[in-house]
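Here is the structure we will look at, set down as structure tokens.
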Amino acid sequence: MSIKTNGILGRAFGAILACICLALAGCGGGGGGGDSSSQTIGGTPEASLNQAAYEAGTTRYVYGRNSIANIRIEGAPVDADFSRWAMLHDGSTYRFYCFQAGSDSTIYQFGFDGRAYTFGHNSIAQIEITGTPAEANPASFAMLHDGRDYRLYMRGRSNPERIYQFAFNAATSAYEYGYRSIDVIDTTGMPADADYSRWAMLYDGAVYRQYVAKAGTTDEIYQAGFDGRSYAFGYRSISELSIQGMPANSNVFSFAMLHDGVDYRFYHLAP
């Protein structure tokens, strides 16, 4: 598939490599609704990403650590909806996705070109989502690549602890509900103050992971790992993480995360 292949915190986080090159210091993983933190210049929406990375041996993500601190998003169609966005790394390219405004079934794809997230770079620029159940809520979504498949997730409307899974089918060039997937997966054991409107997912080569914001905070997130049956709070994971040093212009109403084979990364949109 020309989106290139799909794809967290491994074991105790201690095995994360310290060395990183500038290319890998690039980019980001999943997000939800809220203010888009975008502006319009010459009819084209403009936005950027503030980037943090996990500091091995701690419980924190730090802004600018092993990272390009801020990265532009360029070439977006005029109807790009930056309030619904997600990210992943597929082993070769960092990717950013957002919905087409007014649509619950069309997403736009951007690739990191070494300087910016550019619309259509090394990517299928526009992709359809098919078979979405009525209960799946497109108000937010998350994505990951697991070394084989590109995967997309939506939360349940009436039960936000439930997530619905799609995967990319190269034969149809679409994300199809239930394709090569467990179609419905529950989240279990999350604290009562989990804010499911702010969430992300990733795969780190060992564990599929889900992150959910702690309600009432802008810098604390909970982590769950897939145990073969559900996304269980704290499973093979640091259960609570902090985000430190993000700039004041960060849109804290949504976030995305990814693992690029070296670092765990965290993103907020910014103007």
Estimated inter-spin distance, D113 and N249, nm [label 7 Å along Cα→Cβ]: 2.1 nm
Kindly state, to the nearest 0.05, the FRET efficiency for D193 paired with A171, given R0 = 45 Å and r defined as their beta-carbon distance. 0.60
Length gained, Q126-E220, 0.36 nm per residue minus C-alpha separation, equals 30.5 nm
Simple label model, 7 Å out from Cα along Cβ direction - A101 to N70, nm: 2.3 nm
Computed E for V184/I238 - FRET, C-beta separation, R0 35 angstrom, nearest 0.05: 0.85
So who's got an amide H within less than 5 Å of the one on R65, skipping anything under 5 residues away but keeping other chains? H placed 1.01 Å off N, in plane. A53
With every protein chain present, what is the per residue accessible area of segment 149-271 (1.4 Å probe, Å²)? 35 Å²
Go through segment 166-175 residue by residue and turn each phi into a ³J(HN,Hα) via Karplus (6.51, -1.76, 1.60, θ = phi - 60°); whole Hz please, and just put x for glycine and proline. 10, 9, 6, 9, 5, 5, 10, 6, 9, 7
What part of the accessible area of segment 99-160, given as a whole %, is carbon or sulfur when the probe is 1.4 angstrom? 47 percent
Accessible surface, 1.4 Å probe, highest first, among residues R180, R229, R209: R229, R180, R209
Would you work out if segment 76-165 is rounded, prolate or oblate? Take a ≥ b ≥ c from the square roots of the eigenvalues of the alpha-carbon gyration tensor; rounded if a/c is under 1.5, else prolate when a/b is larger than b/c, oblate otherwise. oblate
At a 1.4 Å probe radius, carbon and sulfur cover how many percent of the accessible area of segment 195-271? 50 percent
Once amide H atoms are built 1.01 Å from N in the peptide plane, which residues 5 or more positions from Y94, or in another chain, come under 5 Å H to H? F112
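The values are calculated or read from the model by the stated rules, or taken from the named source; none is laboratory data. These numbers come from a predicted model, not from an experiment. Cβ: placed from backbone, ideal geometry, glycine included. Neighbour counts: every protein chain shown. Each accessible area value is taken on the protein alone, full model and side chains, heavy atoms only, with ligands, DNA and RNA left out. Shrake-Rupley method; radii C 1.70, N 1.55, O 1.52, S 1.80 Å.
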